[in-house]
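Accompanying notes for the structure given below.
The values are calculated or read from the model by the stated rules, or taken from the named source; none is laboratory data. Computed from a predicted model, the values in this text were never measured in an experiment. With ideal geometry, Cβ positions are generated from the backbone for all residues, glycine too; neighbour counts draw on all protein chains shown.
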Amino acid sequence: MIKRILEEKLKNRIDFKKAIIILGPRQVGKTTLIKNLANNINEKYTYFNGDEIETQNLWKLENINFLKQSFGNQKLILLDEAQRIENIDLICKLIIDAEEGYQLIITGSSSLDIANLTQEPLTGRKWEYNLYPISIEELLQHTNYLEILKNLNSYLVFGTYPEVVNHQKDAQEILKNLTSTYLYKDILALVSIKKPQILEKILTALAYQVGNEVSLSELSQTAGADVKTIESYIHLLEQSFVIYRLGTLSRNLRNEINKKKKVFFYDNGIRNALISNFSPITARNDIGALWENFLIMERKKLLAYHGFYGKTYFWRNKDKAEIDYVEEIDGKLYVFEFKWNPKEKVKFPPIFMENYRPKSSQIINKENFMAFLTVYPY
């Protein structure tokens, strides 16, 4: 079993004083993580699944005393898929503040429905983390450098969901099931969407535009919905950990763009499933987009797991000068260009380099990417 980086960090957070909240897409291993955590600290626990009607009926404000009785003698309480529980924020506060001294560990597949858990009334009463599909850093700890290189093309096409990594021969079927059940059924259940076909059109359009700046007006025409609806659906997809939007770096230099965002998918396999294209790398014309999506999301995992507190961007001006990726921390900029082909020549835009004076600049290709994805630099 591939050990998740978060496990050790979570183990150090168990103090029976604050709730631990773990957010992330479905099927990335949240349930396995919290059960392994409980077993490794040799603590008996009570487990609830928010998808089950029985759990939803039990976890109600008016049942709070009966709910605590149902815990028995266990002080460690695990609640999966907490977004399915009404008033979950208030219920958690009452449990955390109870004199019995419970340790509450919660998972959620949508930050939309449990947004209150990350705000009031749990201020000062919780630790919050995100869990993603398996990272290259985690794979390196489980296998080795040469094995990752051997499987790199597979990761670019099929992604790194745990079930996909563990059953590569069934990757296409697994990903198709994930997109049909999670992306449509589960997401549509989160909010009242009267025209699910619009969501499907948006997802497909975004999948084809991965790594590009997305125009809401163009999406509006493609999906047949107004811009406000398009924006609300994209927000829903972000909150459900399907897509990630990367904003622009702009300090008011002449001709800089400052309001555009690029769209990336949390997993390459999900993106390819949406466009029904699992062709090998050698037979594709979108390797540049796949490579950029892979690097952006793997870097996001690395930074998140190691407590990065800076900001990330891309940069472009109206003259088409562009930098793929920028990290800012402690007032310093670090810039990166992504190229699949190591022989491809790259020159960073002089106007950017002269005005922003980044601390470092680096080209990431298929021969030197490992350190970028496995070594936390800050």
Given (1) in a helix (DSSP H, G or I); (2) modelled with pLDDT of 95 or more; (3) outside the structural domain of Asn268 (by TED's automatic domain parsing), Leu78 misses just (1)
Kindly establish whether Ile230 is assigned by TED's automatic domain parsing to the domain that holds Pro280, within 22 Å of the chain's Cα centre (by Cα) and either within 27 Å of Leu23 (Cβ to Cβ) or among the basic types (Lys, Arg) (or both). yes
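Residue by residue, here is whether (1) within 30 Å of Ile287 (Cα to Cα); (2) in contact with a helix residue (DSSP H, G or I) (Cβ under 7 Å, 6 or more places away or on another chain); (3) β-branched (Val, Ile, Thr) holds:
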| residue | (1), (2), (3) |
| --- | --- |
| Gln56 | no, yes, no |
| Leu79 | no, no, no |
| Ala82 | no, yes, no |
| Glu99 | no, no, no |
| Ser109 | yes, yes, no |
| Leu122 | no, yes, no |
| Leu131 | yes, yes, no |
| His142 | yes, no, no |
| Ile148 | yes, yes, yes |
For Ile257, work out the one condition from (1) closer than 29 Å to Glu81 by Cα; (2) in contact (Cβ under 8 Å) with a residue 60 or more places away in the chain; (3) in contact with a Ser or Thr (Cβ under 8 Å, 6 or more places away or on another chain) it doesn't fulfil. (1)
Any chance the stretch 337-344 includes a residue that's outside any loop (DSSP other than H, G, I, E, B) and surrounded by 11 or more Cβ atoms within 10 Å (Cβ to Cβ)? yes
Checking Lys201, Lys262, Lys169 in turn, the sole residue that is of a type outside the set (Ser, Thr, Tyr) and surrounded by fewer than 15 Cβ atoms within 10 Å (Cβ to Cβ) turns out to be Lys169
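Where in the stretch 227-328 are the helices (runs of 4 or more DSSP H), entirely inside, with at least 2 residues that are out of contact with any Leu (no Cβ under 8 Å at 6 or more places or on another chain)? Can you show your working first?
Values: elements: 227-239, 268-274, 287-305.
Qualifying helices (runs of 4 or more DSSP H): 227-239, 287-305.
Taking the conditions exactly as written (touching a residue at least 12 places away in the same chain (Cβ under 8 Å) and either in contact with a Lys or Arg (Cβ under 7 Å, 6 or more places away or on another chain) or closer than 24 Å to Val157 by Cβ (or both)), does Phe294 satisfy them or not? Can you show your working first?
Numbers: touching a residue at least 12 places away in the same chain (Cβ under 8 Å): yes; either in contact with a Lys or Arg (Cβ under 7 Å, 6 or more places away or on another chain) or closer than 24 Å to Val157 by Cβ (or both): yes.
So Phe294 passes the test.
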Within the stretch 359-369, can you find the residues that are surrounded by fewer than 16 Cβ atoms within 10 Å (Cβ to Cβ) and either charged (D, E, K, R) or closer than 15 Å to Ile148 by Cα (or both)? Lys359, Glu367, Asn368
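Yes or no: Trp315 buried (at least 19 other Cβ atoms within 10 Å of the Cβ), aromatic (Phe, Trp, Tyr), in the same structural domain as Leu206 (by TED's automatic domain parsing) and touching an Asp or Glu at 6+ places or on another chain (Cβ under 8 Å)? If you could, list the steps in order and put the result at the bottom.
Values: buried (at least 19 other Cβ atoms within 10 Å of the Cβ): yes; aromatic (Phe, Trp, Tyr): yes; in the same structural domain as Leu206 (by TED's automatic domain parsing): yes; touching an Asp or Glu at 6+ places or on another chain (Cβ under 8 Å): yes.
Here the answer is yes, as Trp315 does meet what is asked.
Of everything in the stretch 164-206, what is β-branched (Val, Ile, Thr) and either modelled with pLDDT under 85 or not assigned by TED's automatic domain parsing to the domain that holds Asn272 (or both)? Give them in sequence order. Explain how you work it out, then say what you get.
Within the stretch 164-206, the first condition is being β-branched (Val, Ile, Thr), and the residues that meet it are 164-165, 174, 179, 181, 187, 191, 193, 198, 202, 204.
Thr181, Ile187, Val191, Ile193, listed by residue number.
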